[in-house]
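S.K.: The structure that follows is given in the form of structure tokens.
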Amino acid sequence: MEILVTGGAGFIGSHTCLELIKANYKIIVVDNLSNSSTESLQRVEELTNGQITFYECDLLDRKSLVEVFEHHEIKAVIHFAGLKAVGESVSIPLHYYHNNITGTLVLCDVMQQFEVKKLVFSSSATVYGIPEQVPINERFPLSATNPYGRTKLMIEEILRDLVTSDPEWSIALLRYFNPIGAHESGMIGESPNGIPNNLMPYITQVAVGRLGNLNIYGSDYPTSDGTGVRDYIHVVDLALGHLKALEKVLLTTGVDAYNLGTGKGHTVLEMVETFEKVSKKRIPYNIVERRPGDVAMCYADPSKAKKELGWIATRGIEEMCKDSWRWQSNNPNGYKNHTYSSESGIQFRLISRKH
Ligand code: NAD
Ligand code: UFG
């Protein structure tokens, strides 16, 4: 059974490709490589002894996407492709709306044309806006505080409208909390461009000597130590959540949203201390002003995913920190400048290349 993975060369996509191959799915990846490189997929091939058919293709390029669907018997799509930097989305909102929303519209239109109506979509806990309480369940009111979040919210609504218009569709909206960690091999992981916005890649780059002190945004939140609380989830647990969601959409119709989180909240200081313990590296930090838009506490009620998908996260923050560190220390510059070459050789078919 062929599964199309959009954005499969990225952080969460590459980990999901690995688990899909392990579970014997045949996968096709489309990615425009705007925030990734094929190095991740070559390493997935190496780790699994599997083969990935890769298309360098932009979702906005309908013609090329149609070609992909013409060449394969695609049964379902896992849709990761999108831009995700909150700050950047405030600076260049039209680019975000076009890339994320138009990209999804084109994808769904082509899926409809080929009668592929099974979709797993990467949403985000950001759709809960500023939650009034924790833990957050799927029935909480939805809102957005920035253009990135609004793209996720709008896409969720568009996908619901699609199911209303044609009940043969089956769609899972997966609302991720804070994905961190890396595959235990230390061969694939998160490789952000420029200075990381997120906590864990910032910590690992401090530890590896690429960045100076960590800035901790605020120590006066109403939390146990005053720093922000988040639900960090190991990217491998998250990837496995996609396999469960895929199984569900393949068997059912309709649309449903699921929180993918652990249900446990940890403060920034707890994360720093845990990282220091497992890596034996000191993370110097400064406490600075709160970051605009941040909430004090955000963690999931993951019981719906447990009940309806049979999924729970099993990896704790020690394992997350250990695996993040193994990835970063093995690959101080992420995938950049790496001379690694795959023996199996990824199956490239370049049908669209943007310069
Ligand atoms: P990522 O940037 O590593 O992966 C996204 C991939 O999509 C990249 O490889 C990029 O090149 C590709 N892409 C972007 N626009 C494209 C387009 N128009 N056509 C084809 N390919 C395109 O990000 P990630 O962390 O793996 O996130 C995957 C998805 O999960 C995204 O939709 C993101 O918004 C969502 N998400 C991520 C987080 C997080 O903290 N990482 C949290 C919640 C939701
Ligand atoms: N933090 C710092 N210093 C940093 C970076 C982060 O103190 O350099 C703190 C933040 O203030 C927050 C916590 O660490 O308390 C986590 O921050 P991240 O930036 O790692 O994650 P967020 O919870 O802010 O946001 C992430 C993604 C969003 C997504 C959200 C929910 O960036 O896109 O998780 O899924 F919407």
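Any read-out appearing in this document is the output of simple, stated calculations on the displayed coordinates, not a laboratory observation. Please read all numbers here as calculations on a predicted model, not as lab measurements. Note that each Cβ is placed from the backbone with ideal geometry, even for glycine, and that neighbours are counted across all protein chains shown.
S.K.: For labels at Ser37 and Asn198 in the simple 7 Å Cα→Cβ model, what's the distance in nm?
M.R.: 1.9
S.K.: Short version: ³J(HN,Hα) in whole Hz for each residue of the range 177-185, in order, from phi by Karplus 6.51 cos²θ - 1.76 cosθ + 1.60 (θ = phi - 60°), x for Gly and Pro, what are they?
M.R.: 8, 10, x, 9, x, 6, 4, 4, 5
S.K.: Under the Kirkwood approximation for Rh and a Cα-based Rg, what ratio Rg/Rh is obtained for the chain?
M.R.: 0.94
S.K.: Ranked highest first by the average count of other Cβ atoms within 10 Å around their residues, in what order do 314-324, 232-242 fall?
M.R.: The peptides rank, most packed first, as 232-242, 314-324.
S.K.: What GluC sites (Glu not before Pro) in the range 128-223 are in a loop by DSSP, with at most 15 other Cβ atoms within 10 Å of the Cβ?
M.R.: Passing sites in the range 128-223 are Glu132, Glu168, Glu184.
S.K.: Tell me the mean residue ellipticity at 222 nm calculated for the chain from its helices only (DSSP H runs of n ≥ 4, each -39500 (n - 2.57), averaged over every residue, nearest 500).
M.R.: Helix-only estimate at 222 nm: -10500 deg cm²/dmol.
S.K.: So, one more: For a quick protection proxy, order the peptides 260-269, 47-56 by their average other-Cβ count within 10 Å, most packed first.
M.R.: 260-269, 47-56
S.K.: Further question on the same structure: What is the fewest-to-most order of Arg43, Arg282, Arg62 by other Cβ atoms lying within 10 Å of their Cβ?
M.R.: Arg282, Arg62, Arg43
S.K.: Amide H of Val229: which non-local residues (sequence gap of 5 or more, or other chain) have their own amide H closer than 5 Å, using H built in the peptide plane?
M.R.: Long-range HN contacts for Val229: Met297, Cys298.
S.K.: Could you give the distance between the Cα centres of the range 17-80 and the range 189-245, to the whole Å?
M.R.: Comparing the Cα centres of the range 17-80 and the range 189-245, I get a distance of 26 Å.
S.K.: Compute the length gained on full extension between Lys281 and Glu115: take 0.36 nm times their separation in residues and subtract their Cα-Cα distance, giving the result in nm to one decimal.
M.R.: 54.5 nm is the gain from fully extending Lys281 to Glu115.
S.K.: Oh, and also: Among the lysines, which have Cα under 27 Å from the Cα of Lys117 when same-chain residues fewer than 8 positions away are ignored?
M.R.: Within the straight-line limit of under 27 Å, Lys117 reaches these lysines: Lys22, Lys26, Lys63, Lys75, Lys84, Lys152, Lys244, Lys248, Lys304, Lys306, Lys307.
S.K.: Rounded to the nearest 0.05, what FRET efficiency do Glu289 and Ile130 give with R0 = 22 Å and r taken as the Cβ-Cβ distance? Could you check?
M.R.: E(calc), rounded to 0.05, equals 0.75.
S.K.: For the range 8-88, compute Rg over Rh where Rg is the Cα radius of gyration and Rh is the Kirkwood radius from the inverse mean 1/r over Cα pairs.
M.R.: Ratio of gyration radius to Kirkwood radius for the range 8-88: 0.96.
S.K.: Let me ask something else. Please give the peptides 248-258, 200-210 ranked by average Cβ packing (other Cβ atoms within 10 Å per residue), highest first, as a rough proxy for protection.
M.R.: Per-residue mean Cβ counts within 10 Å order the peptides as 200-210, 248-258.
S.K.: FRET efficiency for Asp220 and Ser303, Cβ-Cβ distance as r, R0 = 35 Å, nearest 0.05?
M.R.: The calculated FRET efficiency here is 0.65.
S.K.: Mind listing the phi-derived Karplus ³J(HN,Hα) values for the range 295-311, rounded to whole Hz, using 6.51, -1.76 and 1.60 with θ = phi - 60°, and x for any glycine or proline?
M.R.: Result, rounded to whole Hz: 9, 5, 9, 8, 8, 8, 9, x, 5, 5, 5, 5, 5, 9, 10, x, 10.
S.K.: Quick one: net charge around Trp327, please, counting Lys, Arg +1 and Asp, Glu -1 for every other residue with C-beta under 12 Å from its C-beta.
M.R.: 0
S.K.: For Glu2, enumerate residues with amide H under 5 Å from its amide H, sequence gap 5+ or separate chain, H modeled in the peptide plane.
M.R.: Residues meeting the criterion, in which the H sits 1.01 Å from N, are Lys75.
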